[in-house]
Amino acid sequence: MKKKTEILELARVAFGLIEPGCDATVAAAVEEFLIEISPSHSLFSKKYPLAGLVKLKLDGPLADFCRQAGFLPQPPLFSELFISKERNAHQYWSSLWGKYEAQCQEKGCKPEQRVARTLDTIINMVMLCQSRSAWDTQDITEDETGFAFRVRGKRSRAEGKQIAGKLPWYLQFDYIPCCELCYQFTELQLEKVRFIKTLGKDTEGVSLFRNHKFRSKGFSNRYCCRHNPSQDMRGYKKGHQNRKFYYSVMRLMIEGRRCLGLSPLEPEVVMYKAYNLVENHPDRLFLKGCVGVVASYYEAGLEKSDRKQMLVACYLELVPHLPAENFPFDEGILSEAKPVKHES
């Protein structure tokens, strides 16, 4: 079993990166944050609240940077966005570069690379914080390959039998509201969409929905209809067999682009590309190689510079097999999701 200090050090190596060319004030704030964060800091700790440390060290400098960059509208505070249940922090910061480029184009000026590198650094901090809060850091073990993973602190007996939590810590993604095994929305999310469409001007219903008081029994909040074991056990089993390939390809796409200095893709594009590549690629050995390269990169420690070259090379080998970015979400799936009938 890995100690909490070792897990924090792994997280620092993987995500505690200040990108070259980052805004000096933000870089100084991130350095202080990385020094102050301890193995005890987590989102759920009362004595060492991670959100409190983030607010103290990062909120001010990041807000000043956003004002100087001229983002419209101004982003919410880093700590507020990080703990928000309504917004995905990683998705929000990843999308800012595209909006910034559009603003610069309207003004007739060139985007500053300083802004790009600073956004990359902020995204690194989002991933570092998520690695400290997504799971109970006191319950850490290793899988058969020796790589660390986190297991939920409290799980039902049914959840305990599943392999969902037994993934390396660097493959933990915030996929909500999408299915755990593909890029499609979950059954519950699609039901929410239908619910909102039928509300019309029902302000009370909209308020209930926005305050997360929406309830709809029988719709899965983890899977789409194609991967819900209650509706398609074959699809569910196949999805879980490909899960490590799927998540590793996503991480390879994210980190490969970052290492090459490319702007990040939208999360839904990453999921779509990775899922379709894993589903359609005929060479399983190639996919296993992607898993190994990603694992080697995140577990490399001080040897990371050498592993970075391996990761970039693997990403470039992956690129020709990736599907086009412009894709439609399958609207037909809206009519397929249906509540599961439970026997009384």
(request) Just one of (1) within 24 Å of Pro20 (Cβ to Cβ); (2) out of contact with any Leu (no Cβ under 6 Å at 6 or more places or on another chain); (3) of a type in the set (S, T, N, Q) trips up Asn124, so point out which. (result) (2)
(request) Tell me, please, whether a residue that is farther than 21 Å from Gln172 by Cβ, among the charged types (D, E, K, R) and open to solvent by 70 Å² or more (accessible area, probe 1.4 Å) can be found in the stretch 36-44. (result) yes
(message) Looking for something in contact with a Gly (Cβ under 9 Å, 6 or more places away or on another chain) and either open to solvent by 40 Å² or more (accessible area, probe 1.4 Å) or in contact (Cβ under 8 Å) with a residue 60 or more places away in the chain (or both) - is there at least one such residue anywhere in the stretch 267-282?
(response) no
(request) Within the stretch 223-247, work out how many residues are assigned to a loop (DSSP other than H, G, I, E, B) and touching a residue at least 60 places away in the same chain (Cβ under 8 Å). (result) 7
(message) I want to confirm something. Restricting to the stretch 80-91 and keeping residues that are modelled with pLDDT under 85 and more than 15 Å from Ser263 (Cβ to Cβ), which single residue is least open to solvent (accessible area, probe 1.4 Å)?
(response) Ala89
(message) Need pairs with beta-carbon distance below 6 Å; first residue in a helix (DSSP H, G or I) and within the stretch 174-188, second buried (at least 19 other Cβ atoms within 10 Å of the Cβ); sequence gap 6+ or separate chains.
(response) Glu187/Phe219; Glu187/Ser220; Glu187/Cys225; Glu187/Ala337; Leu188/Phe219
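The values are calculated or read from the model by the stated rules, or taken from the named source; none is laboratory data. All of these numbers come straight from a predicted model, not from anything done at the bench. Don't worry about glycine lacking a Cβ; one is built from the backbone with ideal geometry, like all the others, and counts go over all protein chains shown. With ligands, DNA and RNA removed, areas are computed over all heavy atoms of the protein, side chains included. Shrake-Rupley method; radii C 1.70, N 1.55, O 1.52, S 1.80 Å.
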